[in-house]
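None of the figures in this text is laboratory data; all of them are computed from the coordinates on show. Only a predicted model underlies this, so the values are computations on that prediction, with no experimental measurement involved. Heads up, the Cβs are rebuilt from the backbone with ideal geometry, glycines too, and the neighbour counts pull from every protein chain shown.
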Amino acid sequence: GATTVAHKIDRQMVVLMDPCEDSDNFLRSNRSREKTYMFDVVFDYTATQDVYVATTKNLIDGVIAGYNATVFAYGPTGAGKTYTMLGLDSEPGIYIRTLNDLFRAIEDSTEDLDCSVYMSYIEIYNEMIRDMLNPSSGYLELREDAKGEIRIAGITEFSTCNAKEIMALLTKGNKQRTQESTAANKTSSRSHAILQVTVKQKSRVKDINEEVRVGKLFMVDLAGTERASQTQNRGKRMKEGAHINRSLLALANCINALSEKGGKGAQFVNYRDSKLTRLLKDALGGNSRTVMITHISPASSNFEESRNTLVYADKAKNIRTKVKRNLMNVSYHLAQYTRIIADLRSEIDRLCAKIDQQSQEQQKGEKADIREIQGCVQFVCWYLGTVADK
Ligand SMILES: Nc1ncnc2c1ncn2[C@@H]1O[C@H](COP(=O)(O)OP(=O)(O)OP(=O)(O)O)[C@@H](O)[C@H]1O
């Protein structure tokens, strides 16, 4: 008996109607029953491939140029997140469409670059990280490296430039994902899934100023927000729901704090409250072009969830990230080699002077064993040769 309460008005506008008709409730009586939300682009149930084209396709060139990008699907359970990200065999989702276009763009590139693509796929289930490309590796830990970047210790990274191979990995990995049937969704994802694709490129021509570009693309299918009353979850499902809601609350808190950053109510952004927010730190407020694809159900029975979701999506619009190109210059290492060569040259000069001095002393009749010094000189020459080869 549910009615439709969410309507797409135009390409950027959605209106949500409050289905409550309780005119005796004076708290509600003076309030408008409809609320309008504006987004970059709005879709309704007729949407297909255009979701990918409008949200993700434009990020691909940036990733190849060395920028980070993130796409994440957010919304209540059963609203269609996995359908958008993974899709069906007959109707592939964003993961597969993105990877297809990414490989095509690399192939079509006219730049003379050596390119490698690495892929990893994990799920966060009950606050534990599992490698979906190598499930037997157990639970993985998060570590912070010297630069403050978060890494997953022991994660499997497959290197491939073949779209078909990556699709096969993805399909295999996805079979490992924790999915259960709940009252709200027959195939409910009980975990957050994160697919990371790293594109690394360097010039084929060896040069003293060799440049390495690294672009990272995260594609995230979040578990759905859920109300225990609606999902009727008990026992294990309820515990999962509590973990899901906890990490999504941490995400929502980060979105809240970030959307106010720099404004009057600027707050501290606490990424440390969940593994999800620690991993998405850059995607949320750092060096990344980020797209949030928010899902709602248009049904009146889901009104509360839809309203909460739209409020968060609306806040997320205020978040500003600072994007910078990830370029590493190998000339730094070459400069180090140049310094080492200079040091070794002066060492040779010093030893040669010593040999001269010793041979003069020998000529004076004093015996000295210069074989050791010659050995040192030989070693230094050999070492210089190896360094020059590098
Ligand atoms: N636009 C759509 N067209 C056709 N079927 C859809 C669409 N969106 C979702 N579905 C179907 O609705 C069901 C629920 O969708 P899905 O599993 O993607 O939801 P979800 O948001 O990922 O849920 P959860 O958070 O519980 O994992 C699935 O059977 C899916 O195939």
**Message:** Quick one: 3J(HN,Hα) in Hz for segment 193-202, Karplus 6.51/-1.76/1.60 with θ = phi - 60°, rounded, Gly and Pro as x.
**Reply:** 10, 10, 9, 10, 10, 10, 10, 10, 9, 9
**Message:** How are the alpha carbon pair distances in segment 51-191 distributed across 10 Å bins from zero to the largest one, expressed in percent?
**Reply:** 10, 35, 38, 15, 2, 0
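Starting with the highest mean, order 187-199, 87-99 by the number of other Cβ atoms within 10 Å, averaged over the residues of each peptide.
Working: 187-199: 22.6, 87-99: 17.0.
For the peptides 187-199, 87-99, the packing ranking is 187-199, 87-99.
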**Asked** Just for segment 38-329, what percent of DSSP beta bridges are antiparallel, to the closest 5?
**Response** 75
**Request:** Evaluate Rg over Rh across segment 38-329, taking Cα atoms for both radii and Kirkwood's formula for Rh.
**Result:** 0.96
**Message:** Amide H of residue 295 versus every other amide H placed in the peptide plane: which residues, excluding those fewer than 5 positions away on the same chain, fall under 5 Å?
**Reply:** 74, 75
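So which trypsin sites (Lys or Arg not before Pro) in segment 104-187 end up in coil per DSSP with only 13 or fewer other C-beta atoms within 10 Å? Could the numbers behind the result be given before it?
Details: sites: 104, 130, 143, 147, 151, 164, 172, 175, 177, 186; in loops: 147, 177, 186.
Answer by residue number: 147, 186.
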